[in-house]
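Here is the structure we will look at.
The values are calculated or read from the model by the stated rules, or taken from the named source; none is laboratory data. Since the model is a prediction, treat every value here as computed from it, not as a measurement. Reconstructed Cβ throughout: ideal geometry from the backbone, glycine too, with neighbour counts over all protein chains shown. When the accessible area is computed, the model is the full protein with side chains, heavy atoms only, and any ligands, DNA or RNA have been set aside. Shrake-Rupley method; radii C 1.70, N 1.55, O 1.52, S 1.80 Å.
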Amino acid sequence: MTDTDVAQMLGIHRSTVWRWAKDGRLPAPIRPLRARIARWRVEEIEAAILAHTEQ
């Protein structure tokens, strides 16, 4: 998923996705090919949402 996809899924702004990833509220992105490309795994985002809602 792109940062835009994650933001839409969570109903937040793209900059919040990056801030939350930096703070540890979301998993760090994977940078598969180039440093400028970042993606998140759907399963990891869903697990982060589940962990947050269980708190």
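Translational diffusion of the chain was estimated from the Stokes-Einstein equation, with Rh taken as the Kirkwood radius over Cα pairs; at 37 °C and 0.692 mPa s the coefficient is 291 µm²/s. Taking the 1.4 Å solvent-accessible surface of the chain as the whole, the part contributed by carbon and sulfur is 52%.
For the stretch 8-17, 3J(HN,Hα) computed residue by residue from phi via the Karplus equation (6.51, -1.76, 1.60; θ = phi - 60°) reads 5, 4, 8, x, 10, 7, 4, 5, 5, 4 Hz, glycine and proline entered as x. Here each label is just a point 7 Å from Cα along the line to Cβ, and for Lys22 and Ile49 those points are 2.4 nm apart.
Solvent-accessible surface of the chain, averaged per residue with a 1.4 angstrom probe and all protein chains in place: 75 square angstrom. Dipole magnitude for the chain: about 420 debye, using +1 per Lys or Arg Cβ and -1 per Asp or Glu Cβ, origin at the Cα centre.
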